[in-house]
Each structure stands twice: as C-alpha cells, then as structure tokens.
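Comments concern the structure below.
The values are calculated or read from the model by the stated rules, or taken from the named source; none is laboratory data. Quick caveat, the model's predicted, so the values are computed rather than measured. All Cβ positions, glycine included, derive from the backbone under ideal geometry; neighbour counts span all protein chains shown. Areas reflect the complete protein model, heavy atoms only, side chains present, ligands, DNA and RNA absent. Shrake-Rupley method; radii C 1.70, N 1.55, O 1.52, S 1.80 Å.
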Amino acid sequence: MARRGGVASVLAVLTLLVGLLAPSIQQVQSIGVCYGTHGDNLPATGDVVKLYQSNHIDAMRIYLADDTILHALRGTSIAVIVDAPDVRSLANASSSAAQAWVQANVQPYYPDVSIKYIAVGNEVEGDDRHKILLAMQNIKDALSAAGLGGHIKVSTSVKMNVVASSPLPSKGAFAEPSVMGPIVKFLASNGSPLLANVYPYYAYMHNDHMDVNFTLFLPSSMTMDDNGHTYTNLFDAMVDSIYSAMEKEGGPDVPVVISETGWPSADGRGASKDNAMVYNQNLISHVGKGTPKRPVALEAYMFAMFDENQKTGDPIEKHFGLFNPDKSPVYCINFSGTSDSCPRSMGLASRPVYYAMVIVCLNLVLLFWPANRL
C-alpha cells in the first residue's frame with residue numbers, strides 16, 4: 001500500500017506539471033513569422049533559416065516562390081506558406097500558367113520542404129479580385145494532377161476591409177459577398193482555411209479615441225459584450241467578425257489562419273519598441289486560446305522577420321521587423337509563449353515539449369519500478 005500510495009502521489013504531481021506545460025506546447029505550434037525580403041542589407045538566406053531554427057520558429061510565410069529560400073528550407077521541419085501573387089496569369093482559362101507554376105515552384109521541393117498552404121494573391125484589389133476564385137481552382141487542379149491535392153491547401157490572403165464595418169463581431173459581413181461568398185464555399189468544400197491579415201495597429205492608428213491597451217491585449221475599459229461573448233481585445237473582435245462573415249456565406253466551419261499581424265517599432269502613432277514587444281509577446285501567449293467565438297488554437301504568422309529598408313509607402317512599413325539585419329533582436333521576444341526572457345533563454349517553459357517528454361518517461365519508470373525499491 002505504501003508503494004502504491006507513494007507512486008500515486010508522485011504521478012499526480014507529474015501529471016499536474018504536464019497539464020501546466022500543455023498550453024505552452026500548443027502555443028509554440030501556432031506561431032510563424034513572415035519572411036519579407038525588401039531590404040538591401042538582409043542576412044544570407046541560409047542564415048535566416050538557421051535564425052528561425054535557433055529561435056524555435058516553426059513556420060514561415062514567403063511572398064514569392066523564391067528558389068534560394070525554398071532550397072535553404074529543404075530538410076527542415078519549418079512549415080511554409082508560399083504566395084502565388086500573379087492572380088491574373090493563374091486565372092487563365094487554359095490553366096497552363098497554374099500547371100507551370102506548380103511544376104516550377106512546388107514539385108521540385110515537396111515533400112523536402114514542408115509546404116502547407118499556397119496563398120493565391122495577397123490583399124488583391126481592383127478587377128483582379130474577381131479572378132481570385134478561378135486562380136485558386138486552377139492551382140488546386142494543378143496540385144491534384146501532380147498528386148499533391150491532399151497535402152497542400154489552397155487559399156488567398158485578405159485584409160480586414162473585406163469585412164464591412166460593424167459595431168459588433170457577430171454582425172460581421174463581407175463588403176462584397178459576390179466575391180467572398182464563392183471563395184468561402186471553395187474553402188469549405190476543400191477543407192482549406194481563409195488566410196487573413198489582421199492588424200489592430202492600423203485601427204488604433206486611424207482612431208484617436210481607441211485605447212491602446214485594447215489593441216495590446218492589456219486591461220482596458222473598452223471591453224464589449226456581444227451575443228454572450230466578452231471581448232477584452234481588438235484582435236479577437238476582428239477575427240470573430242471574419243468568422244461571422246463566413247457563417248453568413250455558408251462557411252461556418254472554415255478556419256481562419258492569421259497570415260500577417262504585427263506592430264511597428266518606429267515612425268507612427270503608438271509605434272515603439274515597447275508597444276511592439278508587448279503586442280507580439282501577448283499575441284504569442286494569446287493565440288493558443290483562440291477567440292471567444294472559436295476557442296480553439298489559432299495559427300498566426302507575425303509580420304515580419306526583419307526591418308526592411310526598401311519597403312515603400314508609409315514609413316512605418318520599414319519597421320515591423322523582429323530582428324535587425326545583423327540578426328540581433330529588435331526587442332526581446334520569447335516564441336515559446338512566456339514573456340520573462342528573450343528567445344535564446346533556456347528556461348523551463350521555453351522547451352515545453354522536451355520537458356513534457358521527460359515527465360512522461362518518469363511516469364513510466366515509476367509505474368514499473370520494483371516494489372522493494374520504493
């Protein structure tokens with residue numbers, strides 16, 4: 001009885017530790033970083049891939065099917081979103097351009113490179129938005145013809161203005177249902193997610209009455225109640241408005257993947273290293289919980305790996321990087337979901353999978369240890 005009771009007590013403690021570590025494991029699996037290349041001072045591609053690995057960043061988005069990047073990713077476990085930006089060409093009725101794209105940019109690399117999604121177009125506007133669906137269908141058909149249809153999902157990446165302005169997430173509806181409705185039905189029928197670029201920063205930047213805490217996942221007086229859900233941050237409200245819009249178009253089960261989100265560190269209202277660190281660290285800790293409407297882990301890609309000195313447009317566009325060109329962090333971020341150390345920290349929570357495995361092994365040892373040893 002003493003042996004059984006002692007083992008039971010130890011097992012109870014170890015099981016509790018596994019439970020405490022499990023959320024961190026989930027969060028690590030949910031975070032990626034976008035790899036933009038609009039800079040003339042960025043590290044060599046091979047060094048960039050090593051930087052992902054050394055910081056335990058398990059997923060990457062690239063905006064072109066760049067041969068150098070894809071080659072550097074061979075043999076790694078980094079999951080990849082590959083953008084196919086030329087919607088107009090890919091929507092050609094003959095589908096020859098889509099077939100050529102898959103033959104050149106997917107077949108030579110998969111499965112050595114873990115290509116997870118093809119993003120057909122990024123924030124497509126103008127007349128080309130009417131070509132997105134045909135381009136997606138052509139890419140899907142080309143993947144199927146290559147025997148890859150069941151392995152790589154096809155989607156498109158949208159920005160928040162595809163959802164009409166609404167005071168509550170439950171009222172979310174697409175601004176152009178004639179465009180987005182068929183896309184949602186395509187995603188639903190093929191088990192694909194909608195890729196969405198979600199930036200609470202821009203809502204804050206253009207609204208002088210917005211509480212910055214509400215955008216940074218910090219306590220705020222701007223909480224809102226909607227259909228039994230309480231929203232304590234703008235990110236959740238934005239994502240749930242997309243879910244509501246898809247429900248209205250027959251896609252209640254289509255997941256959302258956050259294909260971009262981030263906060264600038266300079267050159268704009270509220271743009272600082274401190275705010276960028278708080279937003280991104282809190283995002284990492286938050287996405288494993290999902291949203292009030294869909295409380296399951298979200299897959300999210302932070303924008304971006306580096307400050308990019310050749311980005312055009314608003315000056316803030318150059319300052320979304322997590323790392324400097326010399327590979328030093330712009331500010332302290334821990335990709336494991338804990339906020340008490342930088343990525344290189346080797347604290348307990350920064351290696352949750354490893355420690356969970358150790359605990360499981362200890363459980364097995366205690367279960368089968370001879371009785372006369374206890």
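Here are a few things to note about the model shown:
- In Å², nearest 10: area of Thr232 left accessible to a 1.4 Å probe: 70 Å²
- Over the C-alpha atoms of the range 141-276, the Rg to Rh ratio, Rh being the Kirkwood estimate, stands at 1.03.
- Our summary of shape: the Cα atoms of the range 80-143 have principal axis extents of 36, 24, 14 Å, ordered from largest down, in whole angstrom.
- Length added when fully stretched, Leu168-Asp274, from 0.36 nm per residue minus Cα-Cα: 35.2 nm
- Accessible surface of the range 192-287, 1.4 Å probe, proportion on carbon and sulfur as whole %: 50 percent
- In this structure the range 192-294 gives 36 Å² per residue of accessible area when probed at 1.4 Å with all protein chains present.
- Calculated diffusion of the range 244-292, Stokes-Einstein form, Kirkwood radius summed over Cα pairs, 25 °C and 0.890 mPa s, µm²/s: 188 µm²/s
- Extension reserve of the Asp326-Ser178 stretch, reckoned as 0.36 nm per residue once the Cα distance is removed: 48.6 nm
- A 1.4 Å probe over all protein chains sorts Leu322, Leu42 by accessible area into Leu42, Leu322, starting with the largest.
- Computed from backbone phi, the HN-Hα couplings of the range 111-124 come to x, 4, 9, 7, 6, 9, 9, 10, 9, 7, x, 10, 6, 5 Hz, rounded to whole numbers (Karplus: 6.51 cos²θ - 1.76 cosθ + 1.60, θ = phi - 60°; Gly and Pro given as x).
- Proximal lysines relative to Lys140, as straight alpha-carbon distance under 23 Å, when same-chain residues fewer than 8 apart are discounted: Lys116, Lys131, Lys153, Lys159, Lys185
- Here the range 264-298 and the range 90-162 have alpha carbon centers that stand 29 Å from each other.
- Sites Asn207 and Gln53, calculated FRET efficiency, Cβ-Cβ separation with R0 30 Å, nearest 0.05: 0.15
- Over the range 76-171, relative contact order from alpha-carbon pairs under 8 Å, at least 6 apart, %: 35 percent
- Mean Cα-pair separation over length for the range 188-306, i.e. relative contact order, pairs under 8 Å, 6 or more apart, %: 28 percent
- When the inverse distances between all different Cα atoms of the range 193-262 are averaged and flipped, the Kirkwood radius reads 13.0 angstrom.
- Label-point separation, Val296 to His38 (7 Å along Cα→Cβ), nm: 3.4 nm
- Peptides 170-178, 96-104, 196-204 ordered by packing proxy, namely the average of other Cβ atoms within 10 Å per residue, highest first: 196-204, 96-104, 170-178.
- Length gained when the stretch Thr223-Ser77 is fully extended (0.36 nm per residue, less Cα-Cα span): 48.7 nm
- Computed with the Debye formula from one identical point scatterer per Cα of the range 136-219, without solvent, the log10 of I(q)/I(0) at q = 0.12 Å⁻¹ comes to -0.52.
- With θ taken as phi - 60° and the Karplus curve 6.51 cos²θ - 1.76 cosθ + 1.60 applied, the whole-hertz 3J(HN,Hα) list for the range 306-320 is 10, 4, 10, 6, 10, 5, 9, x, 4, x, 5, 4, 7, 10, 9 Hz, x standing for glycine and proline.
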